[in-house]
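What follows is a short report on a single structure.
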Amino acid sequence: MAIISQQTSRRGRWSELGLLVLALAIGLYAYLQVGLATTGSPPTGMVTHVGVLVLLALGTHVVLRWRAPYADPVILPTAVALNGLGLAMIHRLDHAYALRDMTSGFAPRQVMWTALGMVAAVVVIIALRDHRLLRRYTYISMIVGLAMLLLPLLPVLGEEINGARIWITLGPFSFQPAELAKVFLAIFFAGYLVTNRDTLALAGPKVLGLQLPRLRDLGPILLAWGVALVVLVFQRDLGTALLFFALFVAMLYVATERLSWILIGLLLFAGGAALAATTFGHVAARFDVWLNALDPEVYNRAAGSYQVVQGLFGMASGGLMGTGWGQGRPDIVPFAQSDFIIASLAEELGLTGLLAILLMYLILVQRGMRAAIGVRDGFGTLLASGLSFVIAFQCFVVVGGVTRLIPLTGLTMPFLAQGGSSLVVNWMIVALLLRISDAARRPAALTGDLPIGPIGPAGDAAEVTFRPTGDDANPTEVVRLS
């Protein structure tokens, strides 16, 4: 049995290596096409940019063989492919910005943040031998997460950009601590809910057929969530506030399996959105842009719908197959390398390319959810499902905002968009999903001798005792081998 398990592990890692080669080839091809389309020759920075990604990806693969040999073999290649496509598009936009004498040089900084993010992922994989250790720091994670949210309000560190005070500045670098706060709050939610899920699901009154928890059971997590939302509203970062609200409701639903929480969450969201639209001017302006984007008055005014409409025009010109790498004009859209990188990619890769990218996100989220289902402890299930939901929900609100399905939120597309804090934290999320998937896919430890007794001809059997590795599993499990 041990030999079979090791062979299965090796097959998984070799599959990962093959997918990594394909993922890196996608990024290399994109870079090469950008250079040939814009200058007629390979880009000058291609060797450096792609080389860094290749070395870091292969290094992470080696670390996984060492520290997490049973980790899901699809998660890392999918993240690398998305990261590579983002780097290629940002490099393409740099070239267009330089021709128009606009601010450029985003790609080298994105490569630097990619390196930091993948190094942070490696550190998490090496340092965190068992994801269940994080459960010990449930309330510490809450304190750290709330402290991260408060940092931008400090007069020395905090910096206001585009009307939102969500950044801290450290020398030449700026960082958005709310990105890191969502990981700490996810750990807190998972740790608290796994301890109190039975009480939250069963105790409490029923109102109109909905099972509600007692206030004293929900109090601590409701307090942390409420403080986080108040701080984010005060910072005018309603996109992240919406993300935290959705994370809270989703993890509460996973913990209690009560559909009532989805209904309550939707009602609270509708009420909160209506209140924000009537109370905050910048929120009302975004709703106006969403509903009246093609109105000439809204289009021409400051902070109007120019960005949204230009993004729609770009995606329309891309059509089904796209204009091709380097053949479109995505640089016309403001913040095309960050907020509207999805519109940039849709213009040059078309609807087909955009669907392929969204399919990669779907695979990433599905693999994270699969790890959540397969892991043997409740804390791991809640943490993996929460982190996977964060990626899925962030993709939904970004693509929905760019396509005018919903109002713009200001969130960034994971792995694709230019932005250091988002990229580093998303690589840390990948590392946590890899660690949890390693525990989910790891076979039960063999505690008996194999064979216990002589195994005769076909038809005879032997009993082998296994000891599952999870907290919630039975202490022993007897499997009969024929």
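Of all the numbered requirements in (1) surrounded by 17 or more Cβ atoms within 10 Å (Cβ to Cβ); (2) at pLDDT 75 or above; (3) assigned to a helix (DSSP H, G or I), Val231 misses one, and that requirement is (2).
When Ala302 is tested against the conditions (1) in a helix (DSSP H, G or I); (2) surrounded by fewer than 16 Cβ atoms within 10 Å (Cβ to Cβ); (3) more than 27 Å from the chain's Cα centre (by Cα), the lone failure is (1). Candidates in the stretch 289-341 are the residues that are of a type in the set (D, E, K, R) and without any contact (Cβ under 8 Å) to a residue 12 or more places away in the chain; of these, the one that is nearest to Gly239 (Cα to Cα) is Arg301.
Once the stretch 71-89 is narrowed to residues that are assigned to a helix (DSSP H, G or I) and in contact with a Lys or Arg (Cβ under 9 Å, 6 or more places away or on another chain), the residue that is nearest to Val21 (Cα to Cα) is Thr78.
Among the criteria (1) under 18 Å from Arg435 (Cα atoms); (2) surrounded by 17 or more Cβ atoms within 10 Å (Cβ to Cβ), the one Val123 does not fulfil is (2). Just one of the listed residues (Thr48, Thr44) is outside any helix (DSSP H, G or I), over 21 Å from Leu364 (Cβ atoms) and either more than 22 Å from the chain's Cα centre (by Cα) or at pLDDT below 95 (or both), and it is Thr44. Considered as a group, the residues in the stretch 275-299 that are in contact with a Lys or Arg (Cβ under 9 Å, 6 or more places away or on another chain) and in a loop (DSSP other than H, G, I, E, B) include one that is surrounded by the fewest Cβ atoms within 10 Å (Cβ to Cβ), and that residue is Phe280. Within the option set Ala68, Ala57, being closer than 30 Å to Thr381 by Cα, touching a Lys or Arg at 6+ places or on another chain (Cβ under 8 Å) and aliphatic (A, V, I, L, M) holds for one residue only, Ala68.
Taking Ala303 as the residue in question, decide whether it is of a type in the set (A, V, I, L, M, F, W, C) and within 18 Å of Phe340 (Cβ to Cβ). So Ala303 fits the description; yes.
Name, by its number, the condition in (1) closer than 28 Å to Phe389 by Cβ; (2) of a type in the set (Gly, Ala, Ser); (3) surrounded by 14 or more Cβ atoms within 10 Å (Cβ to Cβ); (4) over 26 Å from the mean Cα position of the chain (by Cα) that does not hold for Ser317. Of everything listed in (1) closer than 28 Å to Phe389 by Cβ; (2) of a type in the set (Gly, Ala, Ser); (3) surrounded by 14 or more Cβ atoms within 10 Å (Cβ to Cβ); (4) over 26 Å from the mean Cα position of the chain (by Cα), Ser317 misses just condition (1).
Would you check if there is a residue in the stretch 362-374 being crowded, with 24+ Cβ neighbours inside 10 Å, assigned to a helix (DSSP H, G or I), without any contact (Cβ under 8 Å) to a residue 60 or more places away in the chain and of a type in the set (Gly, Ala, Ser)? No, the stretch 362-374 has no match at all.
On inspection, Ala241 fails the criterion of being of a type in the set (Gly, Ala, Ser), surrounded by 17 or more Cβ atoms within 10 Å (Cβ to Cβ) and at pLDDT 85 or above. When the criteria are applied in full, Leu134 meets the requirement of being touching a Ser or Thr at 6+ places or on another chain (Cβ under 8 Å) and assigned to a helix (DSSP H, G or I).
Kindly evaluate Ala439 against the criterion of being under 30 Å from Glu179 (Cα atoms), among the small types (Gly, Ala, Ser), modelled with pLDDT of 85 or more and part of a loop (DSSP other than H, G, I, E, B). Spelling it out, it is not the case that Ala439 is under 30 Å from Glu179 (Cα atoms), among the small types (Gly, Ala, Ser), modelled with pLDDT of 85 or more and part of a loop (DSSP other than H, G, I, E, B).
Of the residues that sit in the stretch 29-45 and are β-branched (Val, Ile, Thr) and surrounded by fewer than 17 Cβ atoms within 10 Å (Cβ to Cβ), which one is farthest from Arg100 (Cα to Cα)? The extreme case among them is Thr44. Scanning the stretch 395-409 for residues that are closer than 22 Å to Trp113 by Cα and either crowded, with 24+ Cβ neighbours inside 10 Å or touching a Ser or Thr at 6+ places or on another chain (Cβ under 8 Å) (or both) gives a single hit, Val398. Taking the conditions (1) surrounded by fewer than 16 Cβ atoms within 10 Å (Cβ to Cβ); (2) at pLDDT below 80 in turn, Ile264 satisfies each one other than (1).
So that you can scan it fast, the table gives a plain yes or no per residue for (1) more than 17 Å from the chain's Cα centre (by Cα); (2) at pLDDT below 95; (3) not polar (S, T, N, Q):
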{"position": "Val62", "(1), (2), (3)": "yes, no, yes"}
{"position": "Trp66", "(1), (2), (3)": "yes, yes, yes"}
{"position": "Ile75", "(1), (2), (3)": "no, no, yes"}
{"position": "Ala79", "(1), (2), (3)": "no, no, yes"}
{"position": "Leu85", "(1), (2), (3)": "no, no, yes"}
{"position": "Gly105", "(1), (2), (3)": "yes, yes, yes"}
{"position": "Ala121", "(1), (2), (3)": "no, no, yes"}
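The values are calculated or read from the model by the stated rules, or taken from the named source; none is laboratory data. The structure displayed is predicted, hence computed values, not measured ones. Note: ideal-geometry Cβ built from the backbone for every residue, glycine included; neighbour counts use all protein chains shown.
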